[in-house]
1. Among the residues of the stretch 395-404, are any out of contact with any Asp or Glu (no Cβ under 9 Å at 6 or more places or on another chain), surrounded by fewer than 21 Cβ atoms within 10 Å (Cβ to Cβ), more than 18 Å from Tyr465 (Cα to Cα) and small (Gly, Ala, Ser)?
2. With respect to Ile92, is the statement that it is of a type in the set (A, V, I, L, M, F, W, C) and closer than 23 Å to Lys211 by Cα true?
3. With the requirement that a residue be on the phi > 0 side of the Ramachandran plot and buried (at least 19 other Cβ atoms within 10 Å of the Cβ), what does the stretch 213-256 give you?
4. Could you say which residue among Leu427, Leu434, Leu450, Leu523 is modelled with pLDDT of 95 or more and of a type in the set (A, V, I, L, M, F, W, C)?
5. For the stretch 472-492, check the following and say yes or no: at least one residue is hydrophobic (A, V, I, L, M, F, W, C), within 30 Å of Asp373 (Cβ to Cβ), in a strand (DSSP E or B) and within 16 Å of the ligand (Cβ to nearest atom).
6. Check off (1) in a loop (DSSP other than H, G, I, E, B); (2) hydroxyl-bearing (Ser, Thr, Tyr); (3) surrounded by 20 or more Cβ atoms within 10 Å (Cβ to Cβ) for Thr569 and give me the number that stays unchecked.
7. Looking at the stretch 276-295, which of its residues are part of a helix (DSSP H, G or I) and out of contact with any Ser or Thr (no Cβ under 8 Å at 6 or more places or on another chain)?
8. Please work out which one of (1) more than 16 Å from the ligand (Cβ to nearest atom); (2) of a type in the set (Phe, Trp, Tyr); (3) part of a helix (DSSP H, G or I); (4) surrounded by 20 or more Cβ atoms within 10 Å (Cβ to Cβ) is the condition Phe318 fails and give its number.
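The values are calculated or read from the model by the stated rules, or taken from the named source; none is laboratory data. Note that the coordinates shown come from a computational prediction; the quantities given were computed from them, not determined experimentally. All Cβ positions, even for glycine, are placed from backbone atoms using ideal geometry, and neighbour counts span all protein chains on display.
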Amino acid sequence: MKLNVEQRRIVELEPSGQMLVKGVAGSGKTTVAIRRINFLKTNYCHEADDQILLVTYNKTLLNYIKFQYERLADAEEEDFQQFFASNANVEISTIDALMFKAFRAYSRRKGVKLEISNTPMERQVLIEAIHEVKKSYPNVKLLSPKNSAFLLDEVLWMESCLIEDIESYQNMDRIGRASGDSSTPQKLLKNSELREAIFELLRVFTDKMEKQGFVTFKRMNLLALRQVQEVNAKRYTHVIIDESQDLTRVQLEFLKALYKEKPYSSLLFVADNTQSIYSHSWLGKGRPYTTIGYDMSGKSRALSKNYRTTTEISTAAFDLIEADETIRSNVDFVKPALIDRHGHPPIYRFFTTPMKQQAFLVDEIRTLQNDYDFREICLVARSNRLLESLAVGLEAEGIPTEVLQGTEPNFESGKVKLVTMHSIKGLEFKVIFLVDLNQGVIPNDRYTDLEDQKTVDSDERKLLYVGMTRANELLYMSSVKKPSKFIKEIQRKHLRMKKDCALRPFESISMSHYQFTDQLTDLHSREEVVRQWVLRELHETYGYPYELLELEYPVQKFSQRGYCDVAATIYSGEQATPLLFIEVKQFGAGIEDGLKQLKSYLEANTSVRFGLVTDGLEVKIIDRNGEEVQDIPRCRPQFLPETKNTKRYLNLKNGRNYAYATALDNEEVIEVREEDTEVYLQVHEKATVPLIGNVAAGLPTLATEAYEAKIIVPKDWVFTAKDTFALTVTGDSMTGAGIDKGDTVIVHRQTSAQPNEIIIAVIDDEATMKKYMPMGNDVLLMAENTDYEPILMRSEDVRINGKVIGVLKK
Ligand SMILES: Nc1ncnc2c1ncn2[C@@H]1O[C@H](COP(=O)(O)OP(=O)(O)OP(=O)(O)O)[C@@H](O)[C@H]1O
C-alpha cells in the first residue's frame, strides 16, 4: 500500500516531544502508527537503551494489528517481522497488559496481595458502604441502595479520573457524566455536601474492598500508576498511543510516566474523538491536552480521507454525526473527506422476531458465500451473550463461526467472525452485519434513569458509528421488534432494503401525503400504509410518474375477477399495458399469501412481466415465470404515454439539461427529469414565466400583464419569478450555444452581466441576443455562429436588458 502525502509526512515527522494525529475512521491512523515505528527505529534510536512502545486499546486490536502487519511484512518489508520478535527494542502491547504488570510489581514491592473484583461483588460492597456513609450524611437522598449502579459508576469514574482528594472532586467538571438521580434533578453541584458524601463513599468503599483483599479494575490502574511514579519506570524513548481518545486519565498519566524524554524522543497521541465510546475516557470527552500537561498548538496533524469504506457507507454513517451537535462541536472533530470508491449502499432490515433475523443472516451469508470467504464476514452485536446465541444458530445451519474475544483470535480461519460493538473498534471486515439495533439495546437503556440522555445518546451514537465504519464493502444493519431511534437518523435515501435492489426501507407516510386519495375506500386500512410506501418508491426511486400507476387493477381469470393492489403500466403507442403487478400485505403480516395471489395474477395477464409482493418488511420480486429476480425495472422514457408535451430544457443557471414535460391538457402540470437519468425530480415550488414576445423585440421596460403564454418551471430554475420573462428566438446567431430559431429563452431582467454570459442587449433600439465580452471601455458582442461577425461597441452604447438563464427547446 502506498501512503498518501499527508500520511507519509506524519510517518516521517521529526520527533519533537508530544504530537497529535487526529483523523476520521479508516483514514490510516493505525497504519501510520505502525509505519512510524520503523522510521523511528531506523532514524531516532541512537542509544542502546532506546525503546519504542506502541500501545493499543484491547487485545483483539493488538492481535489484529499483529496479524495485519505480519501480512504486510511478508508482502512488503522483510524487517517488519522483527517488531514482534521478543528481542526487538520495540514493544507492542495493550494498555491493560502494561498496567497489570505494573500492578503486580506494586503488590510485590508493597508485600500486599490483592485480586481484581467483579461487578456483583463491587455492588454488594458498595451497598454496605452506602449504609455506613448514610449515617454521617442522613440528608443526602442519593445515598440509597437503589442508586447503587449510578454510584458505583461514579466511584469508578472518580478512580479513573485520578480524583484523590476532596478538593479535586468538589471542583471537578463532570464532563460526560450527568446529574445522577432522575427523581431529584440534582446536578451534583460543585462544593456541595452531596459531593462530599460521595467522596466519603469512595473512601469507605475502597477500604472495605481492600480489607477483603480486592481492588476494582480502575483502582488496579491507580496502583499501577503509583508503581511507575514511585520507582523510576521511564524507559521508552518513543511512545505511540493508538485510540488515545478512549484512555482514562490514569492510563494517560501511566504512559507519561513510562516516557523517557530525550532531545530526539516523541510521544505520539493517535485519536479520533468521533470514535470515543467509553464514558470514562478523558480526552475523548473534549478535554484539552493541557489537562494532562501537553500543549498541542502547532503539534497536531489531521487525516481526513477514509480509505476503508465506500462513499455509500461513509455517507450513511455520517448522517449519525450530523444528528449530534456534541460530536461536531468537539475541538478535535475532523470532517471526513470522501474518496471516490463506490459500492452498495447499506442494507437495513427490520424483523418481528429474533428467529426471523437469524434466518435472514443464514440466507444472506449463504448467498454471500459466492463472493466472499467466511473469514471476510463479521457479525457485530452489543453483547457477548447475543453473539454466543447467534453463533450457536449459525453453526446449527452449517456455518462455521468464531467469537472474537480476548485470547488469540485467528483472523485467517475460514469462519464467520462474531465480535461485540466495543471490541470491533480498530478492526475491519469486507462484510459487516450489525444486528439487534433495537430500542433499549442502542442507546442502552441501562442508564436511562441515571445519566443525562444527551450524553448517553452521544456515546452510543458513536458506538454505532464505529460499527458502521468497519465495513470495507458491504454493510447490513438489522433490528428486531423496535428499531433503535438512531436508525431514523440515517436518511432513507442512503439505505436499501435488500441487496442489488434499489428499494429503500419501509417508512410510514403520513396520511396527508397519501396519493390517489379519491380512489381509496379506507384511508386507515393497515395495508394502505404499505401501499403508499410502495407507490412513493415507484415514483421517487424507480421514476414512474403517478399517471402510470393504477390502483386495484382488474385481473380476469376465467369467470373470476380479482384486483391487483397496484399496477405499473407502460405505453406502446396508444396502448397501455401492465408491466408490473404489486401485491401488498399489512405491515409485518408475511408475504406467503400475497405471493400465491401475485402468481395467479401473473398467470392471468399475459402482458405483465414482473410481480412484487411486500408487507413492508419482506419483499419478493418475481418474473412472469415465477422465478425470483433482484429488482424491478426503472421507468424508461419509452414507457411513457403520449399524454405529454416533452421538451428539452437547457438550464444555464446550473449547466444541466433536463427533460421537461407538461400535461397535454394542463400546462400547469409539469414533470422534470434530469437528462440521462430516469428519476423524476420532485417539483416543490413552481415559477410562472410569461412569454412576452420575441428576442428582436427585446424586453419591455415595464412589466406587462399582456403575455402570449405562460411557462411553468421549477422555482429554482429562476432567480426571482417577477423579474423573469420568456422570449421566442427569431434568429440563428446563437446556434453554437444550442439556441435555435423557434426555441424559447428564459431571461432574467438585469442591467449588467458577467463575461461570457448570454444577454439580451439593446443597440440602437434594436434587441439582440449575444454572448457578452467586456473589453476595457468596449464590449464585444459575440454570436455563436461563424456566419456572424462579432460586434464591437462602446460600453455606453450597449444597454443590457437581461441575461438568458434557460432555453426551452422547440
Ligand atoms: N494510503 C492508503 N491507501 C490505501 N489504503 C489505505 C491507505 N491508508 C490506509 N489504508 C487502508 O484503510 C484502512 C484503514 O486504515 P487504518 O485501520 O490504519 O485506519 P484508522 O484511521 O486507524 O481507522 P479507525 O480509526 O477507523 O480504526 C486499512 O484497510 C488500510 O489498509
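1. Looking only at the stretch 395-404, we keep the residues that are out of contact with any Asp or Glu (no Cβ under 9 Å at 6 or more places or on another chain), and these are 395-400, 402, 404.
Now restrict to residues that are surrounded by fewer than 21 Cβ atoms within 10 Å (Cβ to Cβ): 395-400, 402.
Within this subset, residues satisfying the condition of being more than 18 Å from Tyr465 (Cα to Cα) are 395-400, 402.
If we keep only those that are small (Gly, Ala, Ser) as well, we get 396, 398.
The answer is yes; a qualifying residue exists.
2. no
3. Within the stretch 213-256, Glu243 is the sole residue that qualifies.
4. Leu434
5. yes
6. Failing condition for Thr569: (1).
7. The first filter runs over the stretch 276-295 and keeps only residues part of a helix (DSSP H, G or I), leaving 283-285, 289-292.
Result: Tyr289, Thr290, Thr291, Ile292.
8. Phe318 satisfies every listed condition except (1).
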